[in-house]
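Accompanying notes for the structure given below.
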Amino acid sequence: MGRCGITSSKTVLVFLNLIFWAAAGILCYVGAYVFITYDDYDHFFEDVYTLIPAVTIIAVGGLLFIIGLIGCCATIRESRCGLITFVIILLLVFVTEVAVVVLGYIYRSKVGDEVNHSIQKVYNEYNGTNADASSRAIDYMQRQLHCCGIHTYSDWMNTRWFNEFQNNSVPVSCCKPNVSNCTGSLARPGDLYPEGCEALVVKKLKEIMMYVIWAALTFAAIQVFGMLCACVVLCSRSRDPAYELLMTGGTYA
């Protein structure tokens, strides 16, 4: 292989390591975003294992920062041992990201069942007080997602809170923001969000899980390219007696 190709591979490899540092921050952000979203809707889940992809991708993000440091040092110093270590760690992270993608798809398919199993219970526990965690979760969800009830606002008529208060109204969190003096009265259904919350919660959480999947796939592809460049440098270093140093422009004997 010509020296131009060798130098290009090394230059690309250094650039990729800088991308790994940026990727570390992005992956940690994606994982943290999943955690924050889960915290907002955790009352609608009983299976905490849905957080496994988020935990894994945060760990991968932290590891990518270390990988970028190792890769830069190994490429600039042209250390055979460092480059081999770099390739092995990249391979392990690649396998981990493939596992994240698989787990993401598995738990993405389970979101609907999880929400469907828990949402009725959470609505039945609603008591309308801000001190109650379940009540806060429902009010937050209805305001954020612009929804009311499980499938429609009339679902509130089957809850314990509705039967106890007997005022023919739903929580004011069901009120559209552009309606003034809304009390949640069922006598004025036009003031209320017409869409139920279950489908929107499922859609929201599936979208979040897709962010994790696409982030893992994107950076897995970048890592494959990085491994190929490192292998090119390693092979060239072994075969070429006049191996060109990246920093000094000298030769390696």
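The values are calculated or read from the model by the stated rules, or taken from the named source; none is laboratory data. Computed from a predicted model, the values in this text were never measured in an experiment. Methodologically, a virtual Cβ is constructed for each residue, glycine included, from the backbone with ideal geometry; neighbour enumeration extends over all protein chains shown. Heads up: the accessible areas ignore ligands, DNA and RNA and are worked out on the full protein's heavy atoms, side chains in. Shrake-Rupley method; radii C 1.70, N 1.55, O 1.52, S 1.80 Å.
Does the stretch 146-155 contain any residue that is assigned to a loop (DSSP other than H, G, I, E, B) and touching a strand residue (DSSP E or B) at 6+ places or on another chain (Cβ under 8 Å)? Within the stretch 146-155 (the criterion being assigned to a loop (DSSP other than H, G, I, E, B) and touching a strand residue (DSSP E or B) at 6+ places or on another chain (Cβ under 8 Å)), the answer is yes, since at least one residue qualifies. Cβ separations smaller than 8 Å between residues 6+ apart or across chains give the following pairs from the stretch 135-160 residues that are of a type in the set (Phe, Trp, Tyr) to residues that are crowded, with 19+ Cβ neighbours inside 10 Å and at pLDDT below 90: TRP156/TYR123; TRP156/PHE162.
When we screen GLU46, GLU78 for residues that are at pLDDT below 75 and touching a His at 6+ places or on another chain (Cβ under 8 Å), the only hit is GLU46. Within the bounds of the stretch 108-116, is there any residue that is part of a helix (DSSP H, G or I), without any contact (Cβ under 8 Å) to a residue 60 or more places away in the chain and surrounded by 14 or more Cβ atoms within 10 Å (Cβ to Cβ)? No, that holds for no residue. When every residue of the stretch 123-134 is checked against the conditions, at least one turns out to be crowded, with 16+ Cβ neighbours inside 10 Å, in a loop (DSSP other than H, G, I, E, B) and touching a Ser or Thr at 6+ places or on another chain (Cβ under 6 Å). Considering the stretch 195-219, and only residues there that are in contact with an Asp or Glu (Cβ under 8 Å, 6 or more places away or on another chain) and buried (at least 19 other Cβ atoms within 10 Å of the Cβ), the residue that is modelled with the highest pLDDT turns out to be GLY196. Within the stretch 53-81, residues that are more than 21 Å from PHE15 (Cβ to Cβ) and open to solvent by 10 Å² or more (accessible area, probe 1.4 Å) have Cβ atoms under 7 Å from residues that are among the hydroxyl-bearing types (Ser, Thr, Tyr) and modelled with pLDDT of 75 or more in these pairs: THR56/THR96, counting only partners at least 6 apart in sequence or on another chain.
Across the stretch 223-246, the qualifying residues are those that are at pLDDT below 80 and either β-branched (Val, Ile, Thr) or under 30 Å from ARG143 (Cα atoms) (or both), and the one among them that is least open to solvent (accessible area, probe 1.4 Å) is VAL233. Of note, ALA187 satisfies the criterion of being more than 24 Å from TYR38 (Cα to Cα), surrounded by fewer than 17 Cβ atoms within 10 Å (Cβ to Cβ) and out of contact with any Phe, Trp or Tyr (no Cβ under 6 Å at 6 or more places or on another chain). The sole residue among ALA99, ALA137 that is among the small types (Gly, Ala, Ser), under 19 Å from the mean Cα position of the chain (by Cα), assigned to a helix (DSSP H, G or I) and at pLDDT 80 or above is ALA99. Scanning the stretch 85-107 for residues that are touching a residue at least 60 places away in the same chain (Cβ under 8 Å), within 18 Å of ALA74 (Cα to Cα) and exposed (fewer than 15 other Cβ atoms within 10 Å of the Cβ) gives a single hit, LEU91.
In the stretch 169-185, the residues that are at positive phi and free of Cβ contacts under 8 Å to residues at least 24 places away in the same chain reach residues that are in a helix (DSSP H, G or I) and open to solvent by less than 10 Å² (accessible area, probe 1.4 Å) with C-beta atoms within less than 8 angstrom, at least six apart or across chains, in these pairs: GLY184/CYS174.
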